[in-house]
Amino acid sequence: MPAAVVHLDGRLARSARSRAAVVTAMLDLLQAGDLQPTAARVAERAGVSLRLVFQHFEDLEALYAEVADRQAERLRPLLVAQAGTGPFAERLQEFVTRRGHVLETIAPVRRAALLRAPFSRVLNRRLQQVRTLARRQVEAAFRPELAAHPPKARRELATAVVVASGFSTWEVLRRHHRLPLAQAQRIVARTVRALLKEQP
């Protein structure tokens, strides 16, 4: 292989490593509770120069876009669709356990995303994708219960379950009421059970 090609490959590999380090640094700062990391703090955490951050990302919006993609990749194993078969009690327990684990995992990054979303088209799109996925998970897990209702009531009931098991509710339980994980899960399960066991 010609030396020039080897040199180019080496530069590309270093560039990719630096870019990945910047994204990881941003995620680490968000996970640590820094809701609005500056480019300077990201550069320091990544061990690169501030100039290098903006060589890879034209602005913080572009960096947030890639961070959102990395976060989605991290969460992918946790977002496998749940089958809507089997006893209701077992499906409910599985749903609440999974949902609690996902919400605990995303909480620090989600707080930062919600803070910045009013000023970011990228984050608004990503958050809408997450909301759509959450609804699909509810519809899949509780298909038999939802199917017992006429279409309009079914849509309203699915929305109620999405809200009851969503991030805002979880934040109130865990952060504002300071409830332990297991207790928060029990409250979500009780709420979802009450909603889905209503008579059509």
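One table, with the values for the structure above:
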read-out	value
Residue that is nearest to V192 (Cα to Cα), among those in segment 75-93 that are of a type in the set (A, V, I, L, M) and surrounded by 15 or more Cβ atoms within 10 Å (Cβ to Cβ)	L92
Per-region count, segment 99-110, residues open to solvent by 40 Å² or more (accessible area, probe 1.4 Å) and under 10 Å from the mean Cα position of the chain (by Cα)	2
Some residue of segment 181-196 being under 26 Å from V67 (Cβ atoms) and among the hydroxyl-bearing types (S, T, Y)	no
Residues of segment 161-191 satisfying the condition of being touching a residue at least 40 places away in the same chain (Cβ under 8 Å) and among the hydrophobic types (A, V, I, L, M, F, W, C)	F167, W170, L181, A184, V188, A189
Output for segment 42-74, where each listed residue is part of a helix (DSSP H, G or I), out of contact with any helix residue (DSSP H, G or I) (no Cβ under 6 Å at 6 or more places or on another chain) and open to solvent by 60 Å² or more (accessible area, probe 1.4 Å)	E44, R51, F54, Q55, D69, E73, R74
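The values are calculated or read from the model by the stated rules, or taken from the named source; none is laboratory data. Being a predicted model, the structure only gives us computed values, none of them experimental. Please note: Cβ atoms are built from the backbone with ideal geometry, for glycine as well, and neighbour counts cover all protein chains shown. What goes into the accessible areas is simple: the full protein's heavy atoms, side chains included, and nothing from ligands, DNA or RNA. Shrake-Rupley method; radii C 1.70, N 1.55, O 1.52, S 1.80 Å.
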